[in-house]
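Okay, structure first, notes after.
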Amino acid sequence: MSGFIGDLLEGIASFVSDVWLLRRQRASRGRAQNTWKEDAADIALFDIRVIGLSILALAAATLMFFVLGLPLWISLAPVAAGAVYCGYRWIALARA
């Protein structure tokens, strides 16, 4: 039970720090400030996209490696593409 509570507290702290970091990045670039609710909704949507994309990329890499028998370096291409996309989305979110 203590592991679950610790993970829950870590997730909450991570979410709050992500919202704070987004607000700081936008403020340092001279962007108009959004409300905390708008920034929290943006971060929640970003997190949902990252989690969903991570699940799909891992499933595709597993399928390519174990079922199709492709080499590991080719099988990790969906994971690399997902990482690049998530980085791009974070930069676009910070600039918005």
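The values are calculated or read from the model by the stated rules, or taken from the named source; none is laboratory data. Everything numeric here is computed off the predicted structure, so don't read it as measured data. Counting neighbours? That spans all protein chains shown, and the Cβs are built from the backbone with ideal geometry, glycine included. The protein model used for the area step is the full one, side chains on, heavy atoms only, and it has no ligands, DNA or RNA in it. Shrake-Rupley method; radii C 1.70, N 1.55, O 1.52, S 1.80 Å.
Before moving on, here are some points about what is shown:
- Neighbourhood net charge (14 Å Cβ-Cβ; Lys/Arg +1, Asp/Glu -1) for Ile43: +1
- Extreme residue, positive dipole direction of region 1-70, given options Val19, Ala57, Leu68 (C-beta unit charges): Val19
- Solvent-accessible area per residue, Å², over the chain with all protein chains present [probe radius 1.4 Å]: 72 Å²
- Our summary gives the chain a relative contact order of 29 percent, counting only alpha carbon pairs under 8 angstrom and 6 or more residues apart.
- Per-atom-type breakdown for the chain gives carbon and sulfur 72% of the accessible area (1.4 Å probe, protein chains only).
- Each Lys and Arg contributes +1 and each Asp and Glu -1, all at the Cβ; summed about the Cα centre of the chain, the dipole is approximately 480 debye.
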